1. Output ³J(HN,Hα) for segment 99-104: one whole-Hz value per residue in order, computed from phi by the Karplus curve 6.51 cos²θ - 1.76 cosθ + 1.60 with θ = phi - 60°, and x for Gly and Pro.
2. If the reach is capped at under 12 angstrom between alpha carbons, list the aspartates and glutamates near K97, excluding any in the same chain fewer than eight residues apart.
3. Using a cut-off of 9 Å between beta-carbons, work out the net charge of the residues near I33 (Lys and Arg +1, Asp and Glu -1, I33 not included).
4. Where in segment 14-50 does the label zone of S83 land, with the point 7 angstrom along Cα→C-beta and an amide N cut-off under 14 Å?
Amino acid sequence: MLKQNLLKKTRAIIASAQEMLIVTSFLITSRTIRNELVAAANRGVRIYVLTAAETALKLNQWVTLGPEKDRVRLHEQSLVELSKSCLVRSDPNWHAKYVIRDPHSQAEGIILSANINEESLIKSPELGILLEPTEI
């Protein structure tokens, strides 16, 4: 998949969910994706989020300046906002990144090498692999 399509495809999977979304990422800093997940929850989609919150938030104690500090702050904001409408869980060692929709019916998903943020999904040399329904 071409890298410029990663954000577009991830957003399309979220937008087309009817029953369930499973979203995992070390960090979730995308305001766009966060808002789309909240919108999906508001339309009745069950959303499960798995992230490495403890690890990322511990970074906040050590990082004082620059883009890393901003990423950690955005991740924290995302967790607060998503926890209002999604089931959010954390594993300090989690690093896998994927988005899966409706795994029991019209399954569609993508495995990403990028964390869920616009910069990684658009500008960085990241990969995305579309999953077949049988793989989901």
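1. 10, 10, 10, 6, x, 9
2. K97 reaches E126.
3. Result for the local shell: +1.
4. 49-50
All of the numbers you see were taken from the coordinates with simple rules; none came from a lab. Given the structure is predicted, the values throughout are model-derived calculations rather than measurements. So basically every Cβ, Gly included, is an ideal-geometry build from the backbone, and we count neighbours across all protein chains shown.
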